[in-house]
1. Could you tell me which residue of the stretch 288-332 is farthest from Thr142 (Cα to Cα), considering only residues that are touching a His at 6+ places or on another chain (Cβ under 6 Å) and among the hydrophobic types (A, V, I, L, M, F, W, C)?
2. I'd like the full set of residues that are closer than 25 Å to Asn94 by Cα and of a type in the set (Ser, Thr, Tyr), limited to the stretch 106-141.
3. List every residue pair whose Cβ atoms sit under 8 Å apart, with the two residues 6 or more apart in sequence or on different chains, where the first one lies in the stretch 378-391 and is on the phi < 0 side of the Ramachandran plot and the second, anywhere, is among the aromatic types (Phe, Trp, Tyr) and in a helix (DSSP H, G or I).
4. Taking the stated definitions as given, is Ser231 open to solvent by 50 Å² or more (accessible area, probe 1.4 Å) and part of a strand (DSSP E or B)?
5. Could you count how many residues in the stretch 93-110 are part of a strand (DSSP E or B) and among the hydrophobic types (A, V, I, L, M, F, W, C)?
6. Taking the stretch 238-264 as the search range and keeping residues that are in a helix (DSSP H, G or I) and in contact with a strand residue (DSSP E or B) (Cβ under 9 Å, 6 or more places away or on another chain), which one is most open to solvent (accessible area, probe 1.4 Å)?
7. Go through the stretch 64-92 and report how many residues are assigned to a helix (DSSP H, G or I), surrounded by 16 or more Cβ atoms within 10 Å (Cβ to Cβ) and aliphatic (A, V, I, L, M).
8. Would you check which residues across the stretch 185-202 are of a type outside the set (Ser, Thr, Tyr) and either in a helix (DSSP H, G or I) or touching a Cys at 6+ places or on another chain (Cβ under 9 Å) (or both) and list them?
Amino acid sequence: MKMRATLAGIAALLLAACSGDPDPQRTELRLQRFFGACEAEYGRMTDISKAEGECGIMTALINRFEAENPDIEVVENIVFWPGYDQLTAQLAANDAPDLVTMHGSVIADYQARGLLEPLGDSLARFGVPPAAFTEAARTAVTIDGTVWGMPIDTWAPLWHINMNLFREAGLVRPDGSPILPSSPEELYEQAAQFRERTGKPYFVQGTANEYAAFARNFYTFVMQQGGTLYSGPREADFTTPEARRALELFKTIHDRNLTTKNQDYSAAVSGFLNGDGGVFLVGTWMVGTFNAEAQTEGRPLSGGYAVRPYPSLFSEDVTFADGHNWVMPADDERTPAERDAALRFLKFFAEQDGEWARTGHLPAFQAVIDSPQWRALPHRAELASLAENARPLRKDLRRQFPIETIVGQEAAAAISGAKPIDRALADMERRVNAILQNL
């Protein structure tokens, strides 16, 4: 028995002895994940089709795997989002889980220090070849040509649209689809028309203490101009015309009162549900919630919800994206049986990718994207292009989570007018490079 599992193993053996039902033949598989805890509702559910939401579907998936694999005992550790501080402490204590949920933007932090096992060849041997991943998902787990995880999904910020207000504003085509802008100038014109006819702002945004959204918008609209964000793995490049135009776009929206202001994330979600604006800039994880609201009579979104990828306002059709993935922390003490159990779980999860895609996130496997079952889900056909157009930052870029906060802080200062745009970009570049050049 491995040293990291000694105490847990003794406790399990004592419990089994007391129950009179020891089972030394079962292989322990230690899973560590985020997505919340919902044992009260889903703790015994094995019918994945009846589960809803990230937590419910993840819990039912794990229950189903254990039920179908009685020789494997899944020991599940649910961490407070995102869980990386805890993971780092566990690895330092030689207490590595077998599989961990990890954002694609974080993989480089662990891979660069030799803390992850490559998985591409192993997945292929178990019938999950990386060639089956979508382009976006494959990019998320690949560094220097090596696959370091199995993608769970791709997520991206989206334009969630109140079609009832869009109809009132005259921004609907004859076929009922929303009219979206194709340039900054069209955006300003359509947003002004929306406010004039509805009396409400075009955008709903969570901007108070919510720096991630600022960073994602900034990244997206620099990418759409073909601009460079990071010249190398340790060099941010933000003092560019493309970066300036990206911040000017959102400062103009702010200055012309075309967006809600001073709302935190929860207030923005509530505001969009209550019809406070036309377009909510938030991610794939809200598709299910908003679609359900659209099916509820008497609500502002009743019969009037649509969702689209970010429209291309510049030269390229691209959206900044990240994704959730399973990774295997390096562990010299992991036995062949434990590694086999982990890979069997990954194969099972890959086979259930369509169920996970009901969360609203984009599937990680191209076959699911192409399937009529997935495209029949509400709004999915409109989001399928993200499988090719979603783009993460360069994969050798480390410390993306703290960098996101810095980028968001400086972008927020420029958009609100607290700093001139050029100064904010210079401060953004200086602060980010201080992190990257001291790794």
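1. Looking at the filtered set, the residue picked out is Phe290.
2. Of everything in the stretch 106-141, those that are closer than 25 Å to Asn94 by Cα and of a type in the set (Ser, Thr, Tyr) turn out to be Tyr110, Ser122.
3. Arg380/Trp374
4. yes
5. Selection size over the stretch 93-110: 3.
6. Phe250
7. Here the count works out to 2.
8. Glu185, Glu186, Leu187, Glu189, Gln190, Ala191, Ala192, Gln193, Phe194, Arg195, Glu196, Arg197, listed by residue number.
The values are calculated or read from the model by the stated rules, or taken from the named source; none is laboratory data. Keep in mind the model is a prediction, meaning the values are calculated, not measured. As a convention, Cβ positions derive from the backbone with ideal geometry for all residues, glycine included, and neighbour counts pool all protein chains shown. Heads up: the accessible areas ignore ligands, DNA and RNA and are worked out on the full protein's heavy atoms, side chains in. Shrake-Rupley method; radii C 1.70, N 1.55, O 1.52, S 1.80 Å.
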